[in-house]
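One structure is given here, and the rest of the page talks about it.
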Amino acid sequence: QPRSGIVWSLFSEELFSGVKGEGAFLNGRRLAVSKIDQAKDSLLVTGFPYNVRDIMASVMDRFSRCLMASQGVRRLGSAALDLCYVAAGRFEAFWEEHLHPWDTAAGHLIVTEAGGRVTDFDDQPFEPHMKSILASNGRIHTRMLDLLDLKGNE
């Protein structure tokens, strides 16, 4: 498990950092996740895996369900930054599939140090090689798990 993490956004000149047990920071200022507690009031962010064409039905089903349940969904293109934006309270949740440890390890630590929660779609604790990731402000995590669970809707 990571003990520290850094994500640098070149274009916005933002340095996100976190140290286990010491907090998360943006350019030296402490971060905290948002306080929004309803998915219907939330702004979400996601990404599409490289093999999206192979799993299009499930990806679009999850996307549609989250879009309908929230204020909106954005797709920015960087999982590491998406995670940091959850930590900074810019989004209430982020989800994606088929990522790699270099996409998620630093961001996971930054989200949790900012007070958020990170699991997979089955609510298992973060592990760098997990197949799916859900990061949230913690307040809407259970609702997001419900939206991402396709088993009950097959």
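The values are calculated or read from the model by the stated rules, or taken from the named source; none is laboratory data. No experiment lies behind these values; they were computed from the predicted model shown. Cβ coordinates were reconstructed from backbone atoms using ideal geometry, including for glycine residues, and neighbour counts include every protein chain displayed. Note: areas computed on protein heavy atoms with side chains; ligands, DNA, RNA excluded. Shrake-Rupley method; radii C 1.70, N 1.55, O 1.52, S 1.80 Å.
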- Item | Sole exception among (1) within 20 Å of residue 120 (Cβ to Cβ); (2) among the basic types (Lys, Arg); (3) more than 18 Å from the chain's Cα centre (by Cα) for residue 29, by number | (1)
- Across the range 18-68, which residue is nearest to residue 87 (Cα to Cα) among those that are open to solvent by less than 20 Å² (accessible area, probe 1.4 Å), in a helix (DSSP H, G or I) and at pLDDT 95 or above? 39
- Message: Which numbered condition in (1) in contact with a strand residue (DSSP E or B) (Cβ under 7 Å, 6 or more places away or on another chain); (2) surrounded by 13 or more Cβ atoms within 10 Å (Cβ to Cβ); (3) not small (Gly, Ala, Ser) is the only one that residue 125 fails?
- Response: (2)
- Item | Hits in the range 1-17 - residues which are open to solvent by 100 Å² or more (accessible area, probe 1.4 Å) and among the charged types (D, E, K, R) | 3, 13
- Name every residue in the range 122-142 that is under 12 Å from residue 99 (Cβ atoms), of a type in the set (A, V, I, L, M, F, W, C) and part of a loop (DSSP other than H, G, I, E, B), in order of residue number. 126, 130
- Message: Take the conditions farther than 19 Å from residue 19 by Cβ and at pLDDT 95 or above and apply them to residue 105. Does it pass?
- Response: no
- Test residue 77 against the stated conditions and say whether it is out of contact with any helix residue (DSSP H, G or I) (no Cβ under 9 Å at 6 or more places or on another chain) and either open to solvent by 20 Å² or more (accessible area, probe 1.4 Å) or on the phi > 0 side of the Ramachandran plot (or both). yes
